[in-house]
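Here's the structure, in structure tokens; my notes come after.
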Amino acid sequence: MGIVSRRDFFGSLLSTSRLDIKANLDEYTQPLSRPQVQHLLRRATFSLSNSIIDKYVGKTASFVVDELFANADASINPSPPFFHNDHINNPANLSGKQREEADAKKNLLFGEYNHALGEWWVTLMKKDTVSVLEKMVLFWHDHFATQFQSCDNVPAVSMYRQNDLFRKNYAGNLRNLLEQVTIDGAMLKYLNGNLNISASPNENYARELMELFSLGVGNYTEQDVREASKILTGWKVNYFLDDGIPYKPFLNPIDFDKTTKFFMGEVFAVNYEVNEQNVFKNSIQKLIAVILSKKGDVAAKFISYKLYQYFVYANPQKADASVIDQMAKLVTANDFELKPALKRLLKSQHFFDDLNVGVQIKSPAETVIGMLKHLKFSDRLARNIMEVTGLELFNPPNVSGWKGYRSWISTKTLPTTIYYTKEIINNNTNTELADWALSIEGSGDVKVLTERYIELFLARPVSEDRFRKFKNMFLGGAPDYEWYEIIKNKDQAGQRVRSFLFEIIKAPEYFLF
Amino acid sequence: MTKRRDFIKQSTMGVGVVTNLSLGKMQVSAFEPALANVQNDNILVVIQQFGGNDGMNTITPYEWESYYTLYRPKLHIPKNVVEPISKDLGMAMHPNLKRGPKNGMLGLFNEGKLAVMHGLGYHNPNYSHFRSTDIWLSGVVPNNDIDPLKSGWLGRYFDRVSPSERTESPFCLQIGNNPSLMFLGETGEKSIVLEDVEQLYSQAKAVESNKINIGGSAYFMSEFDYVNNVGQEVNEYSKVIKKAFDNGKNIEKYENQSLANQLKLVARLINGGLKSKVYFVEHHGYDTHSNQGVLDGIHSRLLAELSEAISAFQSDIEQLGHASKVVGITTSEFGRRPYENGSLGTDHGTANVGFAFGEGVKGEIFGFHFAFLPFRDFQNLWFRTDFRSIYFEIMVSWFGQTPEYAQYILGSKFAYIEEKGFLKNTKQDITLPPPPDVPQVNMDMNNPDNPLSPLNITEQDKFTLYPNPVQGNSAFLNMRLYFQGPVRIVQTYVNGQEMGVIHEKTYQAGLHNVYLELKGGPGLYLLRIKVGKRNHFVKCLKM
């Protein structure tokens, strides 16, 4: 492909009207080219494989996107992590050896098992190559950010259940998600919902519910926060067998504020028997209903904006606003079911517009899982690498989630990421790397091989010069036809693959997708 | 290898990523932006306390009874263990501020090297961590909650440094993980972020250090250039930083704890000759909504760490011979409310206390205890000094810039704190605006200007019944209480004859909606509302 001078390009931007860009959600109906399939899979999944790309070339976006969602629907019940049913008695109520054992188990449940949970999720991400599922689960994890680690950790079982909630509602109804997250065991602990009592309301969750989870900054008043906290009082979660059913949130009627509250113009009178069912219906469900009815357009826009940032471009420009508006309209038209808007977005001409190809910056999830899929490496160590490069699963930096966009790549994370990616590569022998290369269809031709590797890792095709440079990593100076000889020796071939990989991970667009 | 000035020139021209400085009342000149004066040798260290430090328990109003009985019945720092720093002003330090070499921050105060700055904040305070942190970092107070804050005051400051002046050191060095908004300028990041020097150096060798010219669509090129630039910067800076690290040393002993280790590294790099002008370190954990602790627990541990780190750093800098050119400040996105909450913690507040330390600061207390500021909305305090005054003064008096340049960075000039400033070499400047217009407070309990005086407060309580006339038996009473207290509502006939108590409950200060069931048939009645010792009357017509 040719190289356009920056001046020409900048100039062309100024002279062309933005109307040229497809600023609507009209469907892209042409059969997908190879680069377009890559683009779609890069955005919808965490890792690519050449064979899957092969499968979808020539199909329509509608076909592929429907499959990505159908496959997701079929995968929402993976095997749970090994500890998901672990219960203990409260160590404080025990003594001697029993107490020691319970304490040790408690430390695991509140500590290390959260890492094990991260490892469990990495495995799912790695396996998920033809569905949009785990990408969406990560989206929700970032959106409803909950950290296991604080002065008072959240147990891994609660974090798992929250993750499971996201998986089962990966593209479901926002209303349902908001209702369920409000009484989710991990969220109750993290944002002090379980300390929110009638005698002394705690505003933490009420504020974030509106600021971060549904409406955005500036779309609610302090009075709304105060009244909502009163409406949300009374919910608790326990962790030990002696206190009740562990991990299952419940209502403590004594702590529920029975006065009448006045939220966004609606009266919340407590003229019913105070039990869990009634309170859930008349406080929680009603609260979410009022938010979504009084500020439905704001909420739809808010979530559409985030989904747009996640799937199209993290830095939306003014011209993209109309696409986001249309997504928002679809969201409200479907009463907050998100699947129609999502599918429409991923099938749209706007999504496939060249302007939006290769513009996203990889998070550690894309970088690590993208490499992990193809190579031998411990999922646990992969989780650790993601942590040191800025994305610790189940432990976002704060309640607003990960900052994302360019913050993934800093003077700190860039060298660290390259370093650890090499660790992943070096965990494989030359023979293993050679086997990988040989498994790729067309690998007998070094040009084809180079193209196939580039399409796995780089966001867009490269210039002729750089292509030659990459190809030469396999050849080591030899002419193209000698590749046939080189691959007969697995040790040598593997070494060349290694050199190639070390070189490609330096490319700036290795960090884009 | 590309020189720094080259890649500044080549840095992204904002294709597709235009940042816009015009916010609210800020006027930014589109033509001929001012250039900075030549940079002097002075260094600023910024310690960010993440989460909102509880200033009231850091510097306590130890002679004030309400602190012990009303605001912090469970969370007050006991009078017999605090360290008074001003009898006149009734201020004392939390005992953990003694920790560290030479008696910690208390020692620094006694030596005249610690400034205690009360009542820092801004108009229309924001209670969201992220928004308020961004406001402090950007040095911009937007008109609303939605305007994006896209650059930091130091980022903008370094945007305008003359190209001939740029050194090989990064302008700013941030110890930590995530680039702070404070250093994001219009032309990109002005800081290097690192956790470990050796690690950065060895890993940076594997990064692409050449500029690659790429074609493609506009957004792609913009993001590509961004990543490419980061690689080039890492490569170049890692070498410079390593050199300073190898050259430098520490003399003082530091605790083996995160904040102390960060400041230890800063001292070493300064000693090793790194030419960075601003160093930024992070202290996490101040968001103490629950179980804040008093003498043990989260908050007191953080204060111990803060004191140990700051005092060790200052001592080290003095012994290494750099004390004349290093000043440090603390920043935090807001203080916490005077009233404790029901979970043995405190909620997001407004005005806060900040510190500055170093030989270049005036070792004084600025302002009276912010606890005595009036409440702005029944739960939270007014501020007294705009936090941007601190930035303004730093740019003029410490960095040696013109007031006009500082004005350009912040959007306007700001009065110095208490109109005199916290830095020793700050000169009087009559062209500066007056301090913020905030309600005055009188400390005399019998004076009507004292918001806490019983004479004053409940005069301002307001009660509104709606709907009025009342249909049927029920209505809402909207109460605005300036002061917490027991509320007792008795319904009476117009002749004063009592019909009965229709509501009784203790309320915190603030706005409340109370649901009332009224007695009797249609007619005119009075509601006698007793709040504490005062009575209020509301007429009510039942249809």
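For chain A, the solvent-accessible area with a 1.4 angstrom probe is 38 square angstrom per residue. Paramagnetic label reach from B:LYS205 (point 7 Å along Cα→Cβ; backbone nitrogen cut-off under 17 Å): within the range A:384-420, residues A:415-420. If you take every residue apart from B:PHE357 with its C-beta less than 14 Å away from the C-beta of B:PHE357, what net charge results, scoring Lys and Arg +1 and Asp and Glu -1? After counting each charged neighbour, the total is -1.
The gain in end-to-end length when the B:SER474 to B:GLN319 segment is fully stretched comes to 48.4 nm, 0.36 nm per residue minus the alpha carbon separation.
Mind scanning A:LYS127/A:LYS339; B:LYS242/B:LYS362; A:LYS59/A:LYS301 and naming the pairs with a C-alpha gap bigger than 24 Å?
Working: A:LYS127/A:LYS339 22 Å; B:LYS242/B:LYS362 34 Å; A:LYS59/A:LYS301 31 Å.
Going by Cα-Cα distance, B:LYS242/B:LYS362; A:LYS59/A:LYS301 fall outside the 24 Å limit.
The calculated pair-distance distribution of the range B:457-542 uses every alpha carbon pair, bins of 5 angstrom beginning at 0, and gives 3, 15, 29, 26, 16, 9, 2 percent.
Counted as membrane-span-like here are DSSP H helices of chain B whose alpha-carbon atoms extend 30 Å or more along the helix's own axis and whose Kyte-Doolittle mean is 0.0 or above; these are B:298-320. Here is how the number arises for chain A: DSSP H runs of 4 or more residues each give -39500 (n - 2.57), the sum is divided by the residue count, and the result at 222 nm is -14500 deg cm²/dmol.
Would you mind checking A:LYS55/A:LYS126; B:LYS150/B:LYS325; B:LYS264/B:LYS424; A:LYS362/B:LYS239 for any pair whose Cα atoms are more than 21 angstrom apart?
On the way: A:LYS55/A:LYS126 19 Å; B:LYS150/B:LYS325 30 Å; B:LYS264/B:LYS424 25 Å; A:LYS362/B:LYS239 27 Å.
B:LYS150/B:LYS325; B:LYS264/B:LYS424; A:LYS362/B:LYS239, as the Cα separations exceed 21 Å there.
Contact with the other protein chains removes 50 Å² or more of accessible area, compared with the isolated chain and a 1.4 Å probe, from these residues of the range B:161-204: B:GLN203.
When only C-alpha pairs under 8 Å and at least 6 residues apart count, what is the relative contact order of chain A, in percent? Display every interim value, and only then the final one.
On the way: 739 pairs, mean separation 95.4, N = 513.
Relative contact order for chain A comes out at 19 percent.
Computed extension gain for A:LYS469 through A:ASP242, at 0.36 nm per residue and net of the alpha carbon distance, reaches 75.1 nm. Each residue of the range B:492-503 was assigned a 3J(HN,Hα) from its phi angle through the Karplus curve 6.51 cos²θ - 1.76 cosθ + 1.60 (θ = phi - 60°); the sequence is 10, 6, 4, 7, x, 5, 6, 9, x, 7, 9, 6 Hz, with glycine and proline shown as x. Phi angles of the range B:347-363 translate, via the Karplus equation with coefficients 6.51, -1.76, 1.60 and θ = phi - 60°, into HN-Hα couplings of 9, 4, x, 10, 4, 8, 9, x, 10, 9, 9, x, 5, x, 9, 7, x Hz per residue; Gly and Pro are given as x. Place a point 7 Å from the Cα of A:VAL448 along the Cα-to-Cβ direction; which residues of the range A:468-502 have their backbone N under 13 Å from it? Answer for the range A:468-502: A:484.
Working from label points 7 Å from Cα in the Cα-to-Cβ sense, the A:PHE63 to A:GLU432 distance is 3.6 nm.
Tally Lys/Arg at +1 and Asp/Glu at -1 over every other residue whose Cβ is under 13 Å from the Cβ of A:PRO397; what's the total?
Every neighbour counted, the sum reads -4.
Cross-link pairs exceeding 32 Å in C-alpha to C-alpha distance, out of B:LYS98/B:LYS205; A:LYS306/B:LYS243; A:LYS189/A:LYS373; A:LYS403/B:LYS275, comprise B:LYS98/B:LYS205; A:LYS306/B:LYS243; A:LYS189/A:LYS373. Every pair of different Cα atoms in chain A enters the Kirkwood calculation, which places the hydrodynamic radius at 25.0 Å.
Largest first, the three principal axis extents of the alpha carbons in the protein assembly as shown are 109, 73, 68 Å in whole numbers.
From Cα pairs below 8 angstrom and at least 6 apart in sequence, can you work out the relative contact order of chain B, rounded to a whole percent? Can you show the working numbers first?
On the way: 1161 pairs, mean separation 98.2, N = 543.
In percent, rounded to a whole number, it is 18.
Kindly compute the accessible surface that chains B and A hide from a 1.4 Å probe when together, both sides summed, and give it to the nearest 100 Å². Walk me through the numbers before you get to the answer.
Values: alone 23500 and 22100 Å², together 40160 Å².
Answer for the B-A pair: about 5400 Å² buried.
Sequentially through the range A:260-277, phi angles give Karplus couplings (6.51, -1.76, 1.60; θ = phi - 60°) of 7, 10, 10, 10, 6, x, 9, 8, 10, 8, 9, 10, 9, 5, 7, 9, 4, 4 Hz, Gly and Pro residues having no value and appearing as x. Could you please report the charge total around A:LYS106, scoring K, R as +1 and D, E as -1 over all other residues with beta-carbon less than 12 angstrom from its beta-carbon? With Lys, Arg at +1 and Asp, Glu at -1, the neighbours total -3. Where in the range B:36-65 does the label zone of A:SER200 land, with the point 7 angstrom along Cα→C-beta and an amide N cut-off under 14 Å? Output list for this probe position: empty. The modelled label-to-label distance for the pair B:ASN213/A:PHE250, using points 7 Å beyond Cα in the direction of Cβ, is 7.2 nm. Using just its DSSP H runs of length 4 or more, each adding -39500 (n - 2.57), chain B gives a mean residue ellipticity at 222 nm of -7000 deg cm²/dmol after division by all residues. Shape class of the range A:403-470 from the Cα gyration tensor (axes a ≥ b ≥ c, square roots of the eigenvalues): oblate, since a/c reaches 1.5 or more and a/b does not exceed b/c. Taken along the Cα-to-beta-carbon direction at a fixed 7 Å, the label points for A:ASN271 and A:TYR484 span 8.9 nm.
The values are calculated or read from the model by the stated rules, or taken from the named source; none is laboratory data. Keep in mind it's a predicted model, so treat the numbers as computed, not measured. Quick reminder, even Gly has a Cβ in these numbers, built from the backbone with ideal geometry, and neighbours come from all protein chains shown. The protein model used for the area step is the full one, side chains on, heavy atoms only, and it has no ligands, DNA or RNA in it. Shrake-Rupley method; radii C 1.70, N 1.55, O 1.52, S 1.80 Å.
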